[in-house]
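Okay, structure first, notes after.
The values are calculated or read from the model by the stated rules, or taken from the named source; none is laboratory data. Owing to the predicted nature of the structure, the values given are computational and were not obtained by experimental measurement. Neighbour counts run over all protein chains shown; Cβ positions are idealised from the backbone, glycine included. Surface accessibility is based on the protein's heavy atoms, side chains included, excluding ligands, DNA and RNA. Shrake-Rupley method; radii C 1.70, N 1.55, O 1.52, S 1.80 Å.
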Amino acid sequence: MDLEIGLLILIVILILRIIFCIPVLLQIWRVSKDLTITLQTMNQSLPAILKNMEEITANVNNSTSVINKKIQNFSDTSNRSGLVINDVIENIQYFAPLAMKLPVFSSFKNIVAILKGVSVFMDVLVKKQKA
């Protein structure tokens, strides 16, 4: 008799446990159903997203290569102009005496000398008038 009562109590406990687990199992079933729908949506939209990502990556790569080429061109141009400027500066000692012999510079020197003479004359004249 004790064994039958013990088994009966055990069966009642087992039935109560099953009854309390039913809502949890229903919730798990609903969540798995929602996850299935979400997974299907992701599987449908993922290829389009990946294609867009590939296009964006290709555009970024193309832009980067164009920018690198432009920077390389600017760098080459600045290097060349730097070399030309260095050559001119290094060789100016050879060109300066020849350039000074041009009539433009001799005329310029004469004009500067005349202007200095006129300036001195005007200073002396003004000082005499004040005195």
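Just a few scattered comments:
- Within this structure, Gln44 passes the test of being loosely packed, with under 10 Cβ neighbours inside 10 Å, part of a helix (DSSP H, G or I) and under 35 Å from the mean Cα position of the chain (by Cα).
- Residue count for the range 99-131, restricted to those that are over 30 Å from Val88 (Cβ atoms) and of a type outside the set (S, T, N, Q): 16.
- Verdict on Ile9 being open to solvent by less than 90 Å² (accessible area, probe 1.4 Å) and either touching a Pro at 6+ places or on another chain (Cβ under 6 Å) or of a type in the set (Val, Ile, Thr) (or both): no
Per-residue answers, yes or no, for (1) under 30 Å from Phe95 (Cβ atoms); (2) among the aliphatic types (A, V, I, L, M); (3) in contact with an Asp or Glu (Cβ under 7 Å, 6 or more places away or on another chain):
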{"site": "Ile11", "(1), (2), (3)": "no, yes, no"}
{"site": "Pro23", "(1), (2), (3)": "no, no, no"}
{"site": "Gln27", "(1), (2), (3)": "no, no, no"}
{"site": "Val60", "(1), (2), (3)": "no, yes, no"}
{"site": "Ile67", "(1), (2), (3)": "no, yes, no"}
{"site": "Phe74", "(1), (2), (3)": "yes, no, no"}
{"site": "Ser81", "(1), (2), (3)": "yes, no, no"}
{"site": "Val84", "(1), (2), (3)": "yes, yes, no"}
